[in-house]
């Protein structure tokens with residue numbers, strides 16, 4: 001976890017990519033579709049941004065390239081899997097975001113009026 | 001029309017990126033439905049092109065096979081080991097030759113400088129030239145002889161003061177208005193008169209950077225003189 005400290009906060013794209021891969025092994029196009037579902041269509045990731053972040057994640061050993069799958073109808077697709085390091089990075093980021101949200105909630109809390 | 005443009009933009013990416021991701025990017029483009037979607041992918045490819053060349057110089061180089069992420073099969077590996085690494089025979093020979101050369105150089109240097117306190121490859125630090133005789137220096141061992149110099153005073157001494165000085169590499173006990181007595185080292189901080197008087201002195205009570213006491217023994221008589229502070 002300590003090794004990921006300097007690499008957080010994650011960029012929005014990388015966070016969503018890791019989140020998409022947390023569930024299943026996916027190819028690039030499926031990752032884009034999953035992100036679209038995650039954000040209810042509010043965040044559309046292009047292939048350039050996707051593969052830039054995937055490249056970054058693979059350099060950090062957060063994502064492993066599984067290669068092609070014989071059962072896929074498009075032989076150009078490669079599948080990607082979240083590694084244990086990637087899981088740690090995602091967990092650290094989620095934890096950080098939880099703290100941010102908790103802090104924000106505390107700051108936004110309107111003090112209840114006291115009863116006389 | 002947009003596909004060739006997209007293909008061209010993808011083809012302009014750095015080689016390492018292109019070789020790895022170009023087929024997949026084209027696959028995604030082929031799945032795009034509608035001109036608007038295709039246009040957005042072209043725009044994304046253009047931004048990606050700039051990003052890759054401007055912001056990702058570290059990714060231009062193709063990773064070596066050792067650096068490439070491991071293909072995950074049964075499970076993704078999160079660490080790598082080098083136990084299968086074996087240095088080549090030539091590398092071992094070079095290493096052995098270099099080690100032998102360094103060993104022989106050091107050994108020869110020790111042999112040639114045996115008895116010398118300063119090793120030849122170390123920068124020589126010239127000691128400050130001292131007027132103190134080497135014998136006296138040696139006699140004091142750890143404490144420099146300069147620390148005993150000065151004027152001492154004693155009640156039973158006539159005259160009451162005595163000076164310890166150095167002149168021409170010789171330590172002297174000088175009674176004011178009288179002759180100087182050359183001192184030769186005996187042991188430690190003890191000296192004796194070089195002449196026939198049989199006077200023996202020893203410095204003691206080292207304090208505040210100097211010896212504070214001078215014990216004088218002469219003809220069975222013993223006197224203690226204390227440093228006179230200026």
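In chain A, the longest principal axis of the Cα atoms and the axis of helix A:12-23 are about 70 degrees apart. Helix A:28-38 and the longest principal axis of the C-alpha atoms of chain A enclose an angle of approximately 20°.
The long axis of helix A:47-59 is offset from the longest Cα principal axis of chain A by roughly 90 degrees.
Run a plain Debye calculation on segment A:8-108 (Cα atoms as equal point scatterers, no solvent) and give log10 I(q)/I(0) at q = 0.12, 0.19, 0.23 Å⁻¹, rounded to two decimals, same order as the q list. Values returned for q = 0.12, 0.19, 0.23 Å⁻¹ are -0.41, -0.92, -1.24. Taking every alpha-carbon pair under 8 Å whose residues sit at least 6 apart, segment B:2-59 reaches a relative contact order of 48 percent.
Read the figures in this text as sums done on the coordinates, not as results from a lab. The structure presented is a predicted model; accordingly, all values stated were derived computationally and were not measured.
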